[in-house]
Amino acid sequence: LERTFSIVKPDATRRNLTGKIVAKFEDAGLRVVAQKRIHLTKAQAGEFYKVHAERPFYDELCEFMASAPIVAQVLEGEGAIAKNREVMGATNPADAAPGTIRADFAESVGENSVHGSDAPETAAIEIAYFFSGLELV
Ligand code: ATP
Ligand code: MG
């Protein structure tokens, strides 16, 4: 079974939406196999999103990701990476399909409630950034 890395972002933890978001992943057949709530520093958020370092929204994105606790998760299932992204919906909630997490909960393209890995390589890097081998069972 494939594994992917997921974050419930600060806009969603602030509005107490973690359970509603996780329910959508579970309903789609994904299983939470690791989970923790943490409050990133801006530097840690910057390291996580460093592929976007040259984008105009990078500083705002790092501030946002450090603005409140997040819930970091490893999700497991058949085709977990693609399934997770399907359930999240498009980056901009205005473009997200009805019923997706971003359509139902996200506030803007920046504060869009969830992160999901985009490929097997990034999933492996992101899982290892947040979880130790002992936390992955
Ligand atoms: P994520 O990587 O968080 O799962 P994504 O893969 O759908 O989202 P990316 O292009 O990787 O989208 O962008 C990473 C994050 O940067 C987005 O989720 C969003 O929070 C923020 N972002 C992207 N585009 C913009 C924008 N135009 N303005 C502000 N923030 C943005
Ligand atoms: Mg991305």
When the dipole is taken about the Cα centre of segment 67-124, and only Lys, Arg (+1) and Asp, Glu (-1) are charged at their Cβ, what size is it in debye, to the nearest 20? 40 debye
Cα lying deepest toward the dipole's positive end in the chain, options Ile70, Leu40, Asn16, charges on Cβ: Asn16
For segment 124-130, Karplus couplings with θ = phi - 60° (6.51, -1.76, 1.60), whole Hz, Gly/Pro x: 5, 5, 5, 4, 5, 5, 9
Report the charge-dipole magnitude of the chain in Debye, nearest 20, computed about the Cα centre from +1 at each Lys and Arg Cβ and -1 at each Asp and Glu Cβ. 380 debye
Most mobile of Phe105, Phe25, Phe57 per a Gaussian network model of the chain (Cα springs, under 10 Å)? Phe57
Count of lysine pairs in the chain with Cα separation under 25 Å (8 or more residues apart, or interchain): 14
Gyration tensor on Cα atoms of segment 1-104, a ≥ b ≥ c root eigenvalues, a/c under 1.5 rounded, else prolate if a/b beats b/c, else oblate, says prolate
Between Glu107 and Leu134, what FRET efficiency follows from the Cβ-Cβ distance if R0 is 41 Å, with the result rounded to 0.05? 0.70
May I ask for the net charge around Ala72, where only other residues with Cβ less than 11 Å from the Cβ of Ala72 are counted and Lys, Arg are +1 while Asp, Glu are -1? +1
Note, ³J(HN,Hα) from phi for segment 25-40, Karplus 6.51, -1.76, 1.60, rounded to Hz, x at Gly and Pro: 5, 5, 4, 8, x, 8, 10, 7, 9, 7, 7, 8, 9, 9, 10, 5
How much net charge surrounds Ala34 when only other residues with a Cβ under 15 Å from its Cβ are counted (Lys, Arg +1; Asp, Glu -1)? -1
Classified through the alpha carbon gyration tensor (a ≥ b ≥ c as square roots of its eigenvalues; rounded if a/c is under 1.5, else prolate when a/b is larger than b/c, else oblate), segment 46-137 comes out oblate
Gln35-Glu86 pseudo-label distance in nm [points 7 Å out on the Cα-to-Cβ vector]: 2.2 nm
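Since every read-out is calculated from the coordinates, none of them should be taken as a lab result. All of these numbers come straight from a predicted model, not from anything done at the bench. No Cβ is skipped: glycine too gets one built from the backbone with ideal geometry, and neighbour counts run over all protein chains shown.
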